[in-house]
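Structure in structure tokens, see below.
Read the figures in this text as sums done on the coordinates, not as results from a lab. Please read these numbers as outputs of a predicted model, since none were measured by experiment. Here the Cβ is made from the backbone with ideal geometry for all residues, glycine too, and neighbour counts use every protein chain on show.
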Amino acid sequence: IYGGLKAVPGAHPWQVSVQVRTKGSTFYRHICGGTLIKPCWVLTAAHCIDKKHDYRVILGGLNLVQKEPTDQSLQVEEAIIHENFKETSSVVFNDIALLKLKATNGECAKESQFVKAVCLPQEPFPDGGECSISGWGATEISEHGSMHLLDAKVLLISQEACSSNKVYASLLDDGMFCAGYLKGGVDSCQGDSGGPLTCETGHTHYVYGVVSWGDNCGEENKPGVYTRVMKYLDWINEKTAGIP
Ligand code: 4AZ
């Protein structure tokens, strides 16, 4: 996260660290963020997942390098990548995936002050509205990311403004939206991918976007691009049906 601050404990209880153990390795390393949407389901970006590797998620943690008493580590039983996911050199289409968590003693995520599923959005949020991004990804200080979870406020940018020739021209489709500031400075970055952009109404938080792509990080006229979760509600409901 560029332009972020250390997150307050319990502020993003749906935030997860998605970790990979590549073939032949003995340990897991953080690769992406994710969002807990049901006890056994994490929403993330398709571009984070390569089906030939093993994955786990850490829930309830703020510090990536220390084991914390609030941490829950769960194995990923299955990764479901959107059927029309496609990556080109500049754009990622349908960048959404679901991770089905493996239950132990009949339970997946145990709800606590630090672990809680977020709601799926029911209606669009207005352009110009303020939402939050969070993650352990690259910062202006470290391209390797932050050991502490960081967060920042971003503004929703209209499809028209983000499709102007100075910004992303014709690269966006209706499964994407932009958020941030055209001046630059506050943005998601590499390692935040897959994580949440949440918006709030009343005291209810909704996962409105999944960190997906952008032209570098924090630069003028190059805001972050997010997967538009609203467009994928039927897909999410179909894939997660019948499993808590
Ligand atoms: C990345 O490389 C990436 N500024 C993620 C988010 C953004 C740019 C790049 C948005 O995963």
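Under a point-charge model restricted to the Cβ atoms of Lys and Arg (+1) and Asp and Glu (-1), what is the dipole moment magnitude of segment 118-228 relative to its Cα centre, in debye to the nearest 20?
I would put it at about 20 debye.
Could you give the length gained on full extension between Phe27 and Lys183, defined as 0.36 nm per residue of separation minus the Cα-Cα distance, in nm?
Fully extending the segment from Phe27 to Lys183 adds 52.2 nm.
If R₀ is 35 angstrom, what is the calculated FRET efficiency for the pair Glu220 and Asn63, using the beta carbon separation as r and rounding to 0.05?
0.60
Follow-up question, since we're still on this one. Name the long-range amide H neighbours of Gly61: under 5 Å, sequence gap of 5 or more, or other chain; modelled H, no Pro or chain starts.
When sequence neighbours closer than 5 places are left aside, the close amide H contacts are Gln72.
Please list, in chain and number order, the residues 5+ apart from Ser193 or on another chain whose amide H is under 5 Å from its amide H, with Hs placed from the backbone.
Gly33
Which residues in segment 204-231 place their backbone N less than 16 Å from a point set 7 Å from the Cα of Asn84 along the Cα-to-Cβ direction?
Counting only backbone N, you get 227-231.
In segment 139-244, which trypsin sites (Lys or Arg not before Pro) fall in coil by DSSP and have 14 or fewer other Cβ atoms within 10 Å?
Lys166, Lys183
Sticking with this one: Per q in 0.15, 0.16, 0.27 Å⁻¹, report the Debye log10 I(q)/I(0) for segment 1-75, using one uniform scatterer on each alpha carbon and no solvent.
Log10 of I(q)/I(0), two decimals: -0.53, -0.60, -1.44.
Identify, among Ala161, Cys189, Gln113, the residue whose Cα sits farthest towards the positive end of the charge dipole of segment 112-244, taking +1 on the Cβ of Lys and Arg and -1 on the Cβ of Asp and Glu, with the dipole about the Cα centre.
So the residue furthest toward the plus end is Gln113.
Moving on. Mind listing the phi-derived Karplus ³J(HN,Hα) values for segment 162-175, rounded to whole Hz, using 6.51, -1.76 and 1.60 with θ = phi - 60°, and x for any glycine or proline?
So the J values, rounded to whole Hz, are 7, 9, 6, 5, 6, 9, 9, 6, 8, 6, 7, 10, 6, x.
Ok, one more. What trypsin sites (Lys or Arg not before Pro) in segment 1-106 are in a loop by DSSP, with at most 15 other Cβ atoms within 10 Å of the Cβ?
Filter output for segment 1-106: Lys23, Lys51, Lys52, Lys67, Lys102.
Compute the Cα gyration tensor for segment 132-244, then decide on rounded, prolate or oblate, letting a ≥ b ≥ c be the square roots of its eigenvalues: rounded whenever a/c is under 1.5, prolate when a/b is larger than b/c in the other cases, and oblate in all that remain.
oblate
Also, I was wondering about something else. In percent, what relative contact order does the chain have, based on Cα pairs under 8 Å that are 6 or more apart in sequence?
It comes to 23 percent, rounded to a whole number.
Taking only DSSP H segments of four or more residues, each worth -39500 (n - 2.57), what value at 222 nm results for the chain once the sum is divided by all its residues, to the nearest 500 deg cm²/dmol?
One gets -1000 deg cm²/dmol as the mean residue ellipticity at 222 nm.
Using 7 Å Cα-to-Cβ label points, what is the Leu171/Glu77 separation (nm, one decimal)?
3.8
Something else: Shape of segment 101-158 from its Cα gyration tensor (a ≥ b ≥ c, root eigenvalues): rounded if a/c is under 1.5, otherwise prolate when a/b > b/c, or oblate?
oblate
Give the separation of the Cα centroids, segment 3-63 to segment 124-199, in Å.
Comparing the Cα centres of segment 3-63 and segment 124-199, I get a distance of 18 Å.
While we're looking at this one, here's another question. Which whole-Hz couplings ³J(HN,Hα) result when phi for each residue of segment 177-187 is put into the Karplus expression 6.51 cos²θ - 1.76 cosθ + 1.60, θ = phi - 60°, listed in order with x for Gly and Pro?
8, 9, 8, x, 9, 5, 5, x, x, 10, 6
Need one word for segment 65-109: rounded, prolate or oblate. Basis is the Cα gyration tensor (sqrt eigenvalues a ≥ b ≥ c); a/c below 1.5 gives rounded, then a/b vs b/c decides.
Oblate, since a/c reaches 1.5 and b/c is not below a/b.
What are the semi-axes of the equivalent ellipsoid for the chain, taken as the square roots of 5 times the Cα gyration tensor eigenvalues, largest first, in whole Å?
Three semi-axes, in Å: 26, 19, 18.
Sticking with this structure for a sec: Give the residue list of chymotrypsin sites (Phe, Trp or Tyr not before Pro) in segment 1-72 that are DSSP loop and have at most 10 other beta-carbon atoms within 10 angstrom.
Filter output for segment 1-72: Phe27.
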